[in-house]
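First up is the structure itself, then whatever we jot down about it.
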Amino acid sequence: MSGRLRSVFLAALLACTTLLSGCLFGGTAIVTSLELEASSEILVFGETTELTARGRTENGKVVSVIPKWEIISGSGTLGETDFQASDWNYVGEVVLRATYNGISDEITLEILGLLGEDYVDPFPRPGHPNASIPEVTEEFLVKVGQPLDSFSELGELLVMGRRMVGWCWFMRNGEIIQPSDPKPGAWATAKWHEKLPDKVHLSHRVRYELIDCQVLDRGTNYSNQVSNRKGTTFQETKELAERLTSETHAEAGWSWGRIETTLTYEISKRTQQTVKIEEEQTVTRTWSFVNPNDYDTYLYTSWNKVDIFYLSDRNGAPLEESPIFAGYNFYSYPIEIRGRTVVQKTWGYNKANQ
């Protein structure tokens, strides 16, 4: 092919590609307006709404677009396609703006504030904006869950003079049983041959881990992309799942999907919490705070909520700390699920009280 023919062919191919792109995908230049939608426009603190945007072309065709979202007023946490009512202090309207190819539109959400399980404020108020902020808050008990249907433990055996490790069942079908496999006299660990004094429960605690901290002046708007951990680890979830199901001896072993399904069901059933268990990963989100003019200085913080599910006694004490199960050498096998909720906490200060 000659140079002239090659140039003509490439020009025609480029024109055809551009034409097809505009016809099939709506192009970028022909979108003249945006239509915005949220899966829920009224949110309680901690809830997340999915955001969608569609572009309307000059001849009325509706096409899918991926805009850039930003918070114009209010406070919360933005993902690429969602918004979370994460500000502990904020009640009112949040205005979000979406921009695509120079075209913008806005949508307003209503935040109802604290109506959920964590109404008690776990964040100690600093005396001044430059005060040291703890990396982690103290854990607090959310709920003592229902007793387990099954509970087994892996412990030390003494069989024919040899020390071995094996499983022993203590609860089955919701009933406390006398450990019988191997025979009671074969257990080397103290009290393991005895019937449990009470049932084992699955309980829920919460703490918050600091992600971001900033001192802001009056009227300053702050927005920053911060990475944080989300989900939980495979080994932790495996250890808990093995203790509270009847599948400890499964020949196929534990896959992640199997553990996720088992634990999601058990935690939701025992603690009445809506739980989604995911493998741990690092995620990046945008924390935004639109600062009002009520105070001279603000201390702004962002926190990862850590939900901890663990084996406990009827009072919520972890098994290793429980006086009820003293001497059994049990462990609570906690799993820590991070990132289901990101929390913002802001304090305001005037010069007179700093």
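Summary table below
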item: Subset of the stretch 21-36 that is in a loop (DSSP other than H, G, I, E, B) and at pLDDT below 50 - its residue that is surrounded by the most Cβ atoms within 10 Å (Cβ to Cβ); result: G26
item: Condition broken by F325, with the remaining ones in (1) touching a Leu at 6+ places or on another chain (Cβ under 7 Å); (2) in a strand (DSSP E or B); (3) crowded, with 21+ Cβ neighbours inside 10 Å satisfied; result: (2)
item: Tally of residues being hydroxyl-bearing (S, T, Y) and without any contact (Cβ under 8 Å) to a residue 12 or more places away in the chain across the stretch 313-354; result: 1
item: Where Y333 falls short, out of the listed (1) part of a strand (DSSP E or B); (2) at pLDDT 95 or above; (3) crowded, with 21+ Cβ neighbours inside 10 Å; (4) not polar (S, T, N, Q); result: (1)
item: Pairs with Cβ under 6 Å, 6+ apart, first in the stretch 284-312 and under 22 Å from K238 (Cα atoms), second among the basic types (K, R); result: V306/R207; V306/R338; I308/R205
item: Yes/no for Q281 being modelled with pLDDT of 90 or more, polar (S, T, N, Q) and closer than 27 Å to D212 by Cα; result: yes
item: Top-ranked residue of the stretch 89-136 - restricted to ones that are at pLDDT 90 or above and acidic (D, E), ranked as nearest to S302 (Cα to Cα); result: E135
item: Some residue of the stretch 184-193 being in contact (Cβ under 8 Å) with a residue 24 or more places away in the chain, assigned to a helix (DSSP H, G or I), more than 24 Å from R338 (Cα to Cα) and over 38 Å from the mean Cα position of the chain (by Cα); result: yes
item: Residue in the stretch 195-206 that is farther than 30 Å from I72 by Cα, modelled with pLDDT under 90 and not in a strand (DSSP E or B) present; result: yes
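The values are calculated or read from the model by the stated rules, or taken from the named source; none is laboratory data. Please read these numbers as outputs of a predicted model, since none were measured by experiment. Here the Cβ is made from the backbone with ideal geometry for all residues, glycine too, and neighbour counts use every protein chain on show.
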